[in-house]
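Undergrad: For reference, the structure I am asking about is given below.
The values are calculated or read from the model by the stated rules, or taken from the named source; none is laboratory data. Since the structure is predicted, the reported quantities are computational estimates derived from the model, not experimental observations. Every residue, glycine as well, gets a Cβ built from its backbone with ideal geometry; the counts of neighbours run over all protein chains shown. The area values use the complete protein model at the heavy-atom level, side chains included, leaving out ligands, DNA and RNA. Shrake-Rupley method; radii C 1.70, N 1.55, O 1.52, S 1.80 Å.
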Amino acid sequence: QVQLVESGGGSVQAGGSLRLSCAASGRTFSSSFMEWFRQAPGEEREFVAAIGWNFGSTRYADSVKGRFTISKDNAKNTVHLQMDSLKPEDTAVYYCAAAKRMVISTTSIDYWGQGTQVTVSS
């Protein structure tokens with residue numbers, strides 16, 4: 001089992017920044033990739049960003065490319081999502097996730113965090 005705990009959500013005005021963190025514990029060696037997804041009200045959960053524990057390879061959704069940066073701290077088993085130039089359409093519950101492979105589908109995720117709310121006002 002892998003436990004994921006997110007932190008850092010909140011409310012910000014458009015153009016502002018937030019930094020999300022995800023602390024992983026348990027059998028973290030079983031999941032090679034850490035990812036962020038988000039789900040807005042009435043919408044399906046969608047991929048945001050991913051990073052590999054070993055080599056730091058990254059992938060971003062087109063909607064956040066150039067504005068969001070995913071990073072990792074292997075020593076602390078923690079992944080961060082730096083979100084800059086936030087837009088109202090970024091408003092959603094953000095979920096940390098762990099997977100054996102880099103995936104963009106929710107069906108391939110092995111573990112989920114509980115989610116943290118991000119609200120961007122115009």
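Undergrad: Considering (1) assigned to a strand (DSSP E or B); (2) surrounded by 18 or more Cβ atoms within 10 Å (Cβ to Cβ); (3) β-branched (V, I, T), say which one V64 fails and leave the rest.
TA: With respect to (1) assigned to a strand (DSSP E or B); (2) surrounded by 18 or more Cβ atoms within 10 Å (Cβ to Cβ); (3) β-branched (V, I, T), V64 is out only on (1).
Undergrad: If you don't mind, another one. Test each condition in (1) open to solvent by 50 Å² or more (accessible area, probe 1.4 Å); (2) in contact with a Pro (Cβ under 6 Å, 6 or more places away or on another chain) for V120 and report the one that comes out false.
TA: Unmet condition: (1).
Undergrad: Step by step: first the residues of the range 91-117, then only those that are more than 25 Å from S30 (Cα to Cα) and not β-branched (V, I, T), then the one that is most open to solvent (accessible area, probe 1.4 Å). Which residue is that?
TA: In this case the residue turns out to be Q117.
Undergrad: Exactly one of these conditions fails for P88: (1) under 19 Å from G10 (Cβ atoms); (2) surrounded by 14 or more Cβ atoms within 10 Å (Cβ to Cβ); (3) touching a residue at least 24 places away in the same chain (Cβ under 8 Å). Give me its number.
TA: (2)
Undergrad: Would it be correct to say that S17 is of a type in the set (G, A, S), more than 24 Å from D62 (Cβ to Cβ) and touching a residue at least 12 places away in the same chain (Cβ under 8 Å)?
TA: No: the conditions fail for S17.
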